[in-house]
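Novice: Mind looking over this structure? Questions follow.
Taken together, the values in this text are just the output of simple stated rules run on the coordinates, not laboratory data. No experiment lies behind these values; they were computed from the predicted model shown. Every residue, glycine as well, gets a Cβ built from its backbone with ideal geometry; the counts of neighbours run over all protein chains shown.
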Amino acid sequence: MSTGLICLLAVILDAVLGEPRRFHPLVGFGNWANWLEQRLNTGRRWRGVLAVILALLPFILFAGLLSETGIIAVVLLYFAIAPRSLSEHAWAVQTALIQDDLEQARQKVSLIVSRDTQNLDAQGVTRATIESVLENGNDAIFAAIFWYLLAGLPGLVLYRLANTLDALWGYRNARFLHFGWAAARLDDALNLIPARLTALSYACVGNFATAVQSWYKQASSWYSPNAGPVMAAGAGALQVILGDSAHYHGQIKNRPILGTGNPPTANDIGRAVALIHRALVLWLFIIMLGVKT
């Protein structure tokens, strides 16, 4: 089975089934990661490095030992990507906003963002949703596909589990500041190229000129080296303004402005989802044309 067909079938499987509601492999991995953290987190960086190695290495080695039959690759790639889930979460927020149910919109957006949502107004909910869609377009779709194309099943497993560790441990708070450092840096390294390919994809399927301009002028001001290009290019592609201050864990984080044009409205959430879908079609088209195995 060709690599292009594997990617296409994994995307189709996700579109039909969505994320597994029960027995998702990442849930089991999360339990393993929590067990390691409870035993190794003493606030020292070397223990964080050890925890990352212990968390990842058995699964990467196992992936390397697997016979890469087409069906195994399709299933693992299906587990690693989540375009349908991302879209469904975003549409749920949009529906609540259109129905003027701000409380419901806050509850729905809280499922996909780490910021405080209880006091967000409608525009704040909209902005948070679009930012999550754009950033997770890279994390939950394109970076996983990139690492599968580059390094097969071991690369796919490495990326998806490292990204999960960053979500679990990569916080700059008292508990994880030193222990989670290795997980956060590994995730940054693995996303270095995919994030920029994602940003370029957003530009190609959106407003190219404003996407590239926003990427060039604004990405470096963002606090994340990989989220900056993705979100700046995405905001420019949609011609909306994102960023600005937000509350995290009871504290205000002053963030730069990204994009251009007007503040987003509820309908722009659907436009952001459509941007992701067009970018995914572009990736599949290029893979089907250019990758031969």
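Novice: Answer rounded, prolate or oblate for region 28-106, using the Cα gyration tensor with square roots of eigenvalues a ≥ b ≥ c: rounded when a/c is under 1.5, else prolate when a/b is larger than b/c, else oblate. Walk me through the numbers on the way to the answer.
Specialist: On the way: a/c = 4.56, a/b = 1.45, b/c = 3.14.
Judged from the Cα gyration tensor, region 28-106 comes out oblate (a/c at least 1.5, b/c at or above a/b).
Novice: Using the Cα centre as the reference, give the magnitude of the dipole from point charges on the C-beta atoms of region 3-290 (Lys, Arg: +1; Asp, Glu: -1; all else neutral), rounded to the nearest 20 debye.
Specialist: Around 660 debye, computed over region 3-290.
Novice: Which chymotrypsin sites (Phe, Trp or Tyr not before Pro) in region 206-293 pass both tests, a DSSP loop state and at most 15 other beta-carbon atoms within 10 Å? Let's see the in-between values first.
Specialist: Details: sites: PHE208, TRP215, TYR216, TRP222, TYR223, TYR248, TRP283, PHE285; in loops: TRP222, TYR223.
Of the chymotrypsin sites (Phe, Trp or Tyr not before Pro), the ones in loops of region 206-293 whose Cβ has at most 15 other Cβ atoms within 10 Å are TYR223.
Novice: Would you work out which of TRP35, ILE241, ALA82 lies farthest towards the positive end of the dipole of the chain? Charges go on Cβ: Lys and Arg +1, Asp and Glu -1.
Specialist: With unit charges placed on the Cβ atoms, the residue in question is TRP35.
Novice: Restricting attention to region 202-293, which trypsin sites (Lys or Arg not before Pro) occupy a DSSP loop and are surrounded by at most 12 other Cβ atoms within 10 Å? Intermediate values should be presented prior to the final figure.
Specialist: Details: sites: LYS217, LYS253, ARG271, ARG278, LYS292; in loops: LYS292.
Qualifying residues, ordered by number: LYS292.
Novice: Still on this structure, please answer the following. When the Karplus curve 6.51 cos²θ - 1.76 cosθ + 1.60 is applied with θ = phi - 60°, which whole-Hz ³J(HN,Hα) does each residue of region 242-258 get, with x for Gly and Pro?
Specialist: Once rounded to whole Hz, the list reads 10, x, 6, 5, 8, 9, 10, 6, x, 10, 7, 10, 7, 10, x, 7, 10.
Novice: Still on this structure, please answer the following. If each residue's Cβ is checked for other Cβ atoms within 10 Å, how do SER2, SER245 rank with the fewest at the top? Walk me through the intermediate numbers first.
Specialist: Details: SER2 13, SER245 9.
With the fewest neighbours first, SER2, SER245 line up as SER245, SER2.
Novice: Another one. Using only DSSP helix segments of four residues or longer, with each worth -39500 (n - 2.57), what per-residue ellipticity at 222 nm results for the chain after dividing by its residue count and rounding to 500? Don't skip to the end; give the middle numbers.
Specialist: Values: 12 runs with 203 residues, N = 293.
Helix contribution divided over all residues of the chain: -23000 deg cm²/dmol.
Novice: With a 10 Å cut-off between alpha carbons and a GNM built on the chain, which of ALA183, ALA143, ALA209 moves the most?
Specialist: Taking springs between Cα atoms under 10 Å, the residue moving most is ALA209.
Novice: Which one of GLY48, LEU149, SER110 has its Cα pushed farthest toward the positive end of the charge dipole of the chain, where Lys and Arg give +1 and Asp and Glu give -1 at the Cβ?
Specialist: Looking along the dipole axis, the top candidate is GLY48.
Novice: Report the relative contact order of region 72-161, percent, no decimals, based on alpha-carbon pairs under 8 angstrom and at least 6 residues apart.
Specialist: 34 percent.
Novice: Just how far, in whole angstrom, is region 88-123 from region 141-155 if you go by their alpha carbon centroids?
Specialist: Using only Cα atoms, the two centres lie 31 Å from each other.
Novice: Which value, in nm² and rounded to one decimal, describes the direction-averaged projected area of the C-alpha convex hull of the chain?
Specialist: Working: hull surface 59.4 nm².
The number I arrive at for the chain is 14.8 nm².
Novice: Follow-up question, since we're still on this one. Any idea what the relative contact order of the chain is, in percent, if you count C-alpha pairs under 8 Å spaced at least 6 apart?
Specialist: Working: 449 pairs, mean separation 64.4, N = 293.
Rounded, it is 22 percent for the chain.
Novice: Take the chain, connect every pair of alpha-carbon atoms lying under 10 Å apart with a spring to form a Gaussian network, then pick out the residue of GLY124, GLY170, GLY70 with the largest mean-square fluctuation.
Specialist: In the Gaussian network model the winner is GLY70.
Novice: Also, quick follow-up: Taking the dipole about the Cα centre of the chain, with the C-beta of Lys and Arg at +1 and of Asp and Glu at -1, give me whichever of ALA279, PRO264, PHE62 is farthest to the positive side.
Specialist: Positive-end residue among those listed: PHE62.
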